[in-house]
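Data first, discussion second: the structure below is written as structure tokens.
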Amino acid sequence: MTLKNKLGIENQVELAHVEEKISKQNAIKLWNSAEFKEMSAGTFETLAKIHKALFEEIYDFAGKLRGENISNGNFRFASALYLRDAVLTVEKMPQKNFNEIVEKYVEMNVAHPFREGNGRSMRLWLDHIFKSELKKVIDWSNVDKNFYLQAMERSPINDSAIKKLLAAALTDKVDDREIFMNGLDASYFYENYFAYRSEDL
Ligand SMILES: Nc1ncnc2c1ncn2[C@@H]1O[C@H](COP(=O)(O)OP(=O)(O)O)[C@@H](O)[C@H]1O
Ligand SMILES: [Mg+2]
């Protein structure tokens, strides 16, 4: 079923293409903006701003907590009833070192605040924390899709696989446009969006 959207698109393939194109363009604009650099790292407000920036033209729920319960495979994300408490608890988690930052990311993923677009917005949020706290980012083009998804599926129970995978892909090239653009394409590829290359947008 196609998600209700502001563009009135009812065809799933068409919506996927339009969503990818618009939200990738928005992600690139956000990455280049002074506003993004000034956002406070690791807060829910910043994650909501990222989500809103990406999906504002497409979905009414952009930047807003979801009101429905959602799951993926066997895993049920935080109940919509307790979502506000959940994200506020996660935002208070420390983020001083690599392990703390990944643990915070794992918990924000368990919350899954939005109806859709959690993976893509949260990876930008994670890099924003890494950049501000450690002067590093993840080179997502060096993180294999299947390993990543398996590690995230495992992460609510055991976070060692996701820690190991991300640690191996850390880079200090935090302002490298090519690493960002290829990483954005990788992040979209994890979610099966691969019709556009960021470099061509
Ligand atoms: N079974 C699972 N358990 C925990 N996390 C999961 C599971 N399946 C997917 N994820 C995480 O959720 C993300 C996808 O969330 P989603 O809201 O669909 O984002 P997007 O719309 O950007 O694809 C994945 O990238 C992964 O990090
Ligand atoms: Mg999705």
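The values are calculated or read from the model by the stated rules, or taken from the named source; none is laboratory data. Small disclaimer: the values here were computed from a predicted structure and weren't measured. Every residue, glycine among them, receives a Cβ derived from its backbone with ideal geometry; neighbour counts consider all protein chains shown. To get the accessible areas, we keep the full protein, side chains included, count just its heavy atoms, and leave off ligands, DNA and RNA. Shrake-Rupley method; radii C 1.70, N 1.55, O 1.52, S 1.80 Å.
Before moving on, here are some points about what is shown:
- Vicinal HN-Hα couplings computed from phi for the stretch 114-125 (Karplus, 6.51 cos²θ - 1.76 cosθ + 1.60; Hz; Gly/Pro x): 10, 4, 7, x, 5, x, 5, 6, 6, 6, 5, 4
- Under the Karplus curve 6.51 cos²θ - 1.76 cosθ + 1.60, θ = phi - 60°, whole-Hz ³J(HN,Hα) for the stretch 157-164, x wherever Gly or Pro sits: 9, 8, 9, 5, 5, 5, 4, 5
- Relative contact order for the stretch 12-194: 21 percent, from Cα pairs under 8 Å spaced at least 6 residues apart, divided by residue count.
- In the context of the full set of protein chains, residues of the chain present 52 Å² of accessible surface per residue (probe radius 1.4 Å, heavy atoms only).
- Close amide H partners of ARG115, meaning residues 5 or more places away or on another chain with modelled amide H under 5 Å apart, are ARG66.
- For the pair LYS92 and ASN146, the difference between a 0.36 nm per residue extended length and the Cα-Cα distance amounts to 16.4 nm.
- As a size descriptor, the averaged projected area of the C-alpha convex hull of the chain was calculated at 10.4 nm².
- Lys/Arg +1, Asp/Glu -1 at C-beta; the chain dipole; positive extreme among ASN26, GLY42, PHE55: GLY42
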